[in-house]
Amino acid sequence: MHLSNDQRRILAHPFPSRLRDRTPATSAENSDCVVVRACAGSGKTVLMVELARTYADEILIYTSLNPAVAGRTASQLPANVQSLSLHQLARQALQEEYGDKLKRQPDITRRLSPQSLNWLGSLSSQSRSLIAQGLNTFFTLSDAVPMPEHLPEGCADRLSANELRQLVESMRLVWECLLDPADHQQALSFNALLKLWSQHGQSLDADLVMLDEAQDATPALLAMLRRQRCDLLLIGDPHQSLARQAEGLSSLDSPLLGDATVYSLPGAWRFGPSLAALGTRLAACSPTSREQAMSGLGPATRLAAPGVREALLTAGARHAVISAGPIAALGEALALHQRGIAVAWLDGIEGYPLAGLLDHWRLWRCHQLAEQGDRHEQQQWWRQLPPTLTRLGQTPAQVLGALARLDDHQARSLHELASWYAQAPLDQWIGELRRQDGDLQAAILADQTVTLPCVMLGTVFRAKGLEFDCVVLADDLMLPGERQQLANQVLVTNLTYTAATRARQLLVLNERLSHWWQAQAESERFPLIQELSAEMLAMWRPAAGGQAAGAAHGSRAPHPWWGRARLAELALTPRKRLMLKRTHQAVDEPVRPTRAAAEHRQTGAELAPDVQTRPRHDDGLQALERQAHRDSTARKLYDMASQLPPGRPPGGLRSLLTPEAPPATAPGTGRDEERGSRESPDGVVTPPRPRDPLSDE
C-alpha cells in the first residue's frame with residue numbers, strides 16, 4: 001500500500017502507549033493527543049487502518065461523529081479495533097451509575113425537544129422552546145451548570161429579569177433531574193448523554209482512541225476525551241465542519257487542543273490539480289480559513305460549466321447531484337420526474353421532508369379552491385392540514401400570509417417549493433418516487449442485480465465521506481455573503497467545499513459558482529469546459545445488464561443503511577413488538593378452523609391448502625402487514641423480524657441487521673481477502689462491501 005511522507009510521519013509518532021508496554025497511564029498527563037488536519041480525499045481511512053496494524057498488540061477504539069462514515073470505515077479496520085459509536089461508548093461508561101435510567105430509555109433522540117419538558121408545569125410553549133434551546137446549547141459546552149448565556153441570543157433583551165431567572169431555574173431543574181440516576185421524568189437526548197458522560201462517566205479501557213470527523217466534536221466531548229488516560233488521535237478536515245460554531249472555528253482549533261501535536265495531510269488522492277485549486281480557493285473564502293494549499297495527487301479532474309449537465313442527462317451518463325439542504329434535493333427530484341428521468345436517493349427518500357411538502361401543497365390547493373368558491377371541497381382539504389399550519393390562521397389566505405412572515409427557513413422553503421407545483425398532482429408524484437426508491441432499496445437488501453438510475457440525489461450531509469465520478473452542484477450551494485453572521489459564513493463555505501470535493505473526474509458548477517471561478521486567476525490554468533466529448537459520455541454511461549461502464553472508476557449503489565435502521569425501528573417499537581408477540585402466539589396455538597373451512601366440511605368439498613393451514617390473524621398483525629405491503633422497502637425486514645422473538649435484540653439494531661461472521665478458513669482460501677480490503681496488482685486498494693451502521697441512534 002502506497003503511503004505519502006505525511007502519512008508515514010504520523011505513523012512514526014511516538015505515542016506513549018507504545019513505550020508503556022501495555023501498562024495503563026496513571027493520569028491524562030501521561031497520555032498524548034495528536035490532531036491530524038486532513039483535507040478531503042487525503043487517505044484518512046488508509047492512515048487509520050495502517051495505524052491500527054502498527055498497534056496490533058494494543059486495544060484500540062474507533063468512533064466517529066458521522067454514523068454513515070463510521071459504518072464504511074469500520075469494515076476496513078483490523079480485528080484489534082473496537083468500532084463503537086459515541087452513543088455506545090457513553091452507555092458503556094455510564095452503565096454502572098446510570099444503568100437503570102438508560103434501561104428505561106432505550107431510544108434516545110438527537111436533540112432535546114420542547115415536548116419532553118411538559119412535566120415542568122404550566123409553562124407556555126414559547127418558554128419550553130427557549131428552555132430546550134438553552135439546554136441543547138449547554139449540553140455541547142464544557143460548563144458545569146446552565147447559565148443565562150446558554151439561552152438563545154437576544155433573550156436577555158426581550159425578557160424581564162424575573163422571566164429570565166425563571167427560565168434559568170427551569171433549565172437547572174431539568175439538568176438536576178438528568179443528573180439524578182433515580183429520576184426518570186426527563187427524557188435523555190444524545191448530547192445530554194454525552195454531557196453526563198463528560199461529568200460522571202468512567203474512563204475508557206483502551207490504549208488509543210481514534211475519533212473520526214473530529215472537526216464537529218463539541219467542547220464537552222473534547223473536554224471529556226482529554227481527561228482520558230489513553231492516547232487520542234483526532235482526525236478531521238476543518239473545512240468540512242458542518243456544525244454551526246458560535247465563533248466560526250472548527251473543533252480542531254479549540255483551546256482544549258492547544259497542547260496537542262498537529263500534523264497535516266494536504267495531498268488529495270481523490271482528484272487532480274484542477275479541483276485542488278478550486279478547493280483551495282473555496283476554503284480561502286471562509287473568514288476563519290488558514291492559508292494552506294491543497295495538492296491534487298489523484299486522477300485528472302475536469303471543471304465544467306452548468307450547461308454540461310444537460311449533456312449528461314441527454315446521454316444518460318451517471319452523475320450525483322449534491323445539494324446543501326433536503327428541500328433543494330426534493331426540487332431536483334420533482335423537476336427530473338416531470339421529464340421522466342428516474343433518480344436514486346442516498347440513504348433512502350424517507351429522510352426527506354415529504355410530509356411537510358405535501359402539507360404545504362394541500363394548503364395551496366385549499367387556497368385555490370377558496371378563490372374558486374368551492375367551499376365544500378376546500379373544507380375537505382383543510383381537514384387534512386396539520387395543527388402546525390391551521391393554528392396560523394382561520395383561512396388559507398391568513399395561513400399563507402403568516403408563513404410569508406415566519407422566521408423559519410425550512411417552512412419558507414417548503415412553502416415556496418409547494419407553490420411551484422400547486423397545479424400539479426404532487427401527491428401522485430411523491431407516491432411514485434417513494435415506490436421507485438422502495439423497489440430499488442428492497443432489491444439492494446435482497447442482493448439482487450440492480451440497474452441504477454443515471455441520477456443520484458443527496459445532501460452534503462449524506463454524501464460526506466463518499467466520492468463519485470461526476471458531481472453536479474445544486475443551485476443552493478453558494479459562497480458566503482458579507483451581511484451574514486460569522487458562523488453562517490463559515491457554514492455556507494464548508495457546505496460548498498464538502499460538496500465540490502466529492503468529485504473524482506468531473507465537477508459541474510452551478511451558475512453562481514461558475515461566475516465566481518471565472519473571476520479567479522486560477523481559471524486561466526484550469527478553464528471551465530463547455531461541452532463533453534462522446535468518449536467521456538460513453539465512459540460514464542451505464543452498460544447493459546445493470547453494470548456501469550465506469551464501475552471501476554467509483555460508481556456506487558445507494559447505501560440502504562438509513563432505510564434499514566428505519567425499518568428496524570418500525571418493527572421494534574412497543575406496539576409492533578406486541579403485534580409480533582401475538583403473531584407467535586397465533587402460530588404456536590393449534591389452528592382453529594375458519595368459517596370457510598367449516599362450510600367446506602359441511603358440503604364435503606375439497607378445501608384449498610392455504611385455507612386449511614391459515615393461522616388465526618388479529619387486527620394488529622393485519623395492520624402491520626398492510627404497512628409492510630405499502631412500503632416495499634419494509635418487506636424484507638418484516639419477514640426477518642417476524643421470525644425473531646418479541647422484544648429488542650440484546651445487541652441493538654446491529655445484531656438484527658449485521659449477518660453472522662462466516663466460519664474461519666485457512667489462509668489463502670480467499671475468505672479472508674473477501675472480508676477485508678483487497679489490493680489490486682496496480683496497487684489500488686478496493687474497499688470491501690460496506691457494513692451496516694454501528695449505532696442505533
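Points to keep in mind about this one:
- Meets criteria (touching a Lys or Arg at 6+ places or on another chain (Cβ under 9 Å), modelled with pLDDT of 90 or more and either open to solvent by 20 Å² or more (accessible area, probe 1.4 Å) or of a type in the set (Lys, Arg) (or both)) for SER264: yes
- The stretch 100-113 - residue that is in a helix (DSSP H, G or I) and open to solvent by less than 40 Å² (accessible area, probe 1.4 Å) and, of those, farthest from HIS184 (Cα to Cα): LEU102
- Filter pass, LEU336 being in contact (Cβ under 8 Å) with a residue 24 or more places away in the chain, in a helix (DSSP H, G or I) and under 30 Å from GLU535 (Cβ atoms): yes
- Looking only at the stretch 10-45, and only at residues there that are modelled with pLDDT under 90 and among the β-branched types (Val, Ile, Thr), the one that is surrounded by the fewest Cβ atoms within 10 Å (Cβ to Cβ): THR26
- Every listed requirement among (1) modelled with pLDDT under 90; (2) assigned to a helix (DSSP H, G or I) is met by LEU433 save one, (1).
- Scan the stretch 150-172 for residues that are surrounded by 16 or more Cβ atoms within 10 Å (Cβ to Cβ) and either more than 31 Å from the chain's Cα centre (by Cα) or not in a helix (DSSP H, G or I) (or both) and the total you get is 7.
- Residue match in the stretch 250-257 (condition: small (Gly, Ala, Ser), open to solvent by less than 20 Å² (accessible area, probe 1.4 Å) and either at pLDDT 90 or above or within 25 Å of LEU65 (Cα to Cα) (or both)): yes
- Boolean, GLU350 is farther than 19 Å from VAL472 by Cβ, open to solvent by 40 Å² or more (accessible area, probe 1.4 Å) and in contact (Cβ under 8 Å) with a residue 12 or more places away in the chain: yes
- Looking at ALA293, ALA243, ALA187, ALA182, just one residue is part of a loop (DSSP other than H, G, I, E, B), open to solvent by 30 Å² or more (accessible area, probe 1.4 Å) and under 18 Å from VAL36 (Cβ atoms), and that residue is ALA293.
- Any hit, the stretch 473-482, residues being part of a helix (DSSP H, G or I) and at pLDDT below 90: no
- GLU522 being more than 17 Å from PRO306 (Cβ to Cβ), touching a residue at least 12 places away in the same chain (Cβ under 8 Å) and either surrounded by fewer than 18 Cβ atoms within 10 Å (Cβ to Cβ) or in contact with a Pro (Cβ under 7 Å, 6 or more places away or on another chain) (or both): yes
- Scan of the stretch 176-235 for residues that are within 21 Å of GLU96 (Cα to Cα) and of a type in the set (Asp, Glu), ordered by number: GLU176, ASP180, ASP183, ASP205
- With respect to the conditions (1) assigned to a helix (DSSP H, G or I); (2) open to solvent by 10 Å² or more (accessible area, probe 1.4 Å); (3) of a type outside the set (S, T, N, Q), ASP57 lacks only one, and its number is (1).
- Among (1) free of Cβ contacts under 8 Å to residues at least 40 places away in the same chain; (2) surrounded by fewer than 17 Cβ atoms within 10 Å (Cβ to Cβ); (3) part of a helix (DSSP H, G or I), the one test that LEU313 misses: (1)
- Members of the stretch 363-411 found to be in a loop (DSSP other than H, G, I, E, B), modelled with pLDDT under 90 and of a type in the set (D, E, K, R), listed by number: ASP374, ARG391, ASP407, ASP408
- For the stretch 483-509, residues that are part of a loop (DSSP other than H, G, I, E, B) and open to solvent by 10 Å² or more (accessible area, probe 1.4 Å) total 3.
- SER274 being more than 30 Å from ALA223 (Cβ to Cβ), among the hydroxyl-bearing types (Ser, Thr, Tyr), open to solvent by 40 Å² or more (accessible area, probe 1.4 Å) and touching a residue at least 12 places away in the same chain (Cβ under 8 Å): no
- Flag for TRP516 being open to solvent by 20 Å² or more (accessible area, probe 1.4 Å), assigned to a helix (DSSP H, G or I), at pLDDT 95 or above and not hydroxyl-bearing (Ser, Thr, Tyr): yes
The values are calculated or read from the model by the stated rules, or taken from the named source; none is laboratory data. Just so it is clear, the model here is predicted, and its values are computed rather than measured. Counting neighbours? That spans all protein chains shown, and the Cβs are built from the backbone with ideal geometry, glycine included. Ligands, DNA and RNA are excluded from the accessible area calculation, which covers all protein heavy atoms including side chains. Shrake-Rupley method; radii C 1.70, N 1.55, O 1.52, S 1.80 Å.
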